[in-house]
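Next up is a structure, given as structure tokens.
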Amino acid sequence: MKTLTTDQNEELAQHIAKKPIKYIELYNELYDHYALAYENGEKSFEQTLQDLDKEFDYYKLVSINRNLVGKTIKSVNKIYVSEFKKFWRWPQIISTLAIIFLGFTLIETLPMDIIFWWILIPLTFFSIGIPTYGYVLSRLKKYGGKRLNSAHLSATTHFLILPTSILNLSTILPVFFLEPYQERVVFYENYPLVPFAFLMIFLIVGYIGLKVFKSKIRIQYL
């Protein structure tokens, strides 16, 4: 079996990078497809590129690129639902109930300012920092001299933004129940289960979102 030389690897990387693709996943799959076609075939390197360029022409790649994130999101959603179900199954239900009990205890015993500054704020920065880190990491890498976005990052970021949205909702919720100029702590003192419920949803959705974010998905795009 033939193998690509260093020069051929570089030429192929530049060749793929010039195509109308925006995502790392499509770049990698297309690169592997071209490389394997040459290494397993009988044709020359140049002829292999010409033949595959006819198969994967501009319009076909634009179509694949356009539908790539949607296809990735569907696969990611399946992982999320699966992880959510596991979260409530035995024996993981034990740790789930332990988290709920811990959250309830914190809500009932700790002062509101401690909960806000030492629990909610750090978790907010954590949930925002993860997708930011992923984005910066993807932009630091070059593929054939071209910076590409990540479909996986695009498909999973909203799962980490969701907990922040829930937290923000729990913060402004007292406004709808209190008289003007009343302190928000009054609401939490009178309805302790409400912030507890939001905190638990925040923790559970954030935990599962992080697992989905770290998951390795394999999708056939071509």
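Please go through segment 191-209 and give me each residue that is surrounded by fewer than 18 Cβ atoms within 10 Å (Cβ to Cβ) and under 14 Å from the mean Cα position of the chain (by Cα), ordered by number.
Y207
A follow-up question, please. Looking at the structure I just gave you, is S95 under 29 Å from the mean Cα position of the chain (by Cα), touching a residue at least 60 places away in the same chain (Cβ under 8 Å) and assigned by TED's automatic domain parsing to the domain that holds I208?
Details: under 29 Å from the mean Cα position of the chain (by Cα): yes; touching a residue at least 60 places away in the same chain (Cβ under 8 Å): no; assigned by TED's automatic domain parsing to the domain that holds I208: yes.
Criteria not met by S95.
Turning to a different aspect of this structure: Please work out which residue is farthest from H152 (Cα to Cα), limiting yourself to segment 28-38 and to residues that are touching a Lys or Arg at 6+ places or on another chain (Cβ under 9 Å) and buried (at least 18 other Cβ atoms within 10 Å of the Cβ). Spell out the reasoning first.
Taking segment 28-38 and keeping what is touching a Lys or Arg at 6+ places or on another chain (Cβ under 9 Å), we get 30, 37-38.
This time we only want the ones that are buried (at least 18 other Cβ atoms within 10 Å of the Cβ), so: 30, 38.
Details: L30: 16, Y38: 28 Å.
Looking at the filtered set, the residue picked out is Y38.
Quick grid of which residues meet (1) within 30 Å of E11 (Cα to Cα); (2) modelled with pLDDT of 80 or more; (3) charged (D, E, K, R):
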position	(1), (2), (3)
I130	no, no, no
S138	yes, no, no
N149	yes, yes, no
L153	yes, yes, no
V185	no, no, no
P195	no, no, no
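Please tell me if V76 is among the aliphatic types (A, V, I, L, M), touching a strand residue (DSSP E or B) at 6+ places or on another chain (Cβ under 8 Å), within 20 Å of K216 (Cα to Cα) and part of a helix (DSSP H, G or I). Walk me through it before giving the result.
Numbers: among the aliphatic types (A, V, I, L, M): yes; touching a strand residue (DSSP E or B) at 6+ places or on another chain (Cβ under 8 Å): no; within 20 Å of K216 (Cα to Cα): yes; part of a helix (DSSP H, G or I): yes.
Taking the combined requirement at face value, the residue does not satisfy it.
Quick one: which residue in L153, L162 is assigned to a helix (DSSP H, G or I), touching a residue at least 24 places away in the same chain (Cβ under 8 Å), buried (at least 16 other Cβ atoms within 10 Å of the Cβ) and not assigned by TED's automatic domain parsing to the domain that holds Y34? Let's see the steps before the verdict.
Values: L153 fails: touching a residue at least 24 places away in the same chain (Cβ under 8 Å).
Just one listed residue meets the conditions, L162.
Kindly check whether there is at least one residue in segment 89-110 that is in contact with a Gly (Cβ under 7 Å, 6 or more places away or on another chain) and either farther than 30 Å from Y207 by Cβ or of a type in the set (D, E, K, R) (or both).
Checked against the condition, which is being in contact with a Gly (Cβ under 7 Å, 6 or more places away or on another chain) and either farther than 30 Å from Y207 by Cβ or of a type in the set (D, E, K, R) (or both), segment 89-110 yields no hits at all.
One line per residue, one yes/no per condition, for (1) aromatic (F, W, Y); (2) on the phi < 0 side of the Ramachandran plot; (3) at pLDDT below 90; (4) surrounded by 16 or more Cβ atoms within 10 Å (Cβ to Cβ):
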{"position": "N40", "(1), (2), (3), (4)": "no, yes, no, no"}
{"position": "E46", "(1), (2), (3), (4)": "no, yes, no, no"}
{"position": "K60", "(1), (2), (3), (4)": "no, yes, no, no"}
{"position": "I64", "(1), (2), (3), (4)": "no, yes, no, yes"}
{"position": "I100", "(1), (2), (3), (4)": "no, yes, yes, yes"}
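Right, something else. Any residue in segment 64-83 that's free of Cβ contacts under 8 Å to residues at least 24 places away in the same chain and outside the structural domain of E29 (by TED's automatic domain parsing): show its pairings with residues that are in a helix (DSSP H, G or I) and buried (at least 18 other Cβ atoms within 10 Å of the Cβ) at Cβ separation under 8 Å, as long as the two are six or more apart or on different chains.
none
The values are calculated or read from the model by the stated rules, or taken from the named source; none is laboratory data. From a predicted model like this one, the values you see are computed outputs, not experimental measurements. We place every Cβ from the backbone using ideal geometry, glycine too, and count neighbours over all the protein chains shown.
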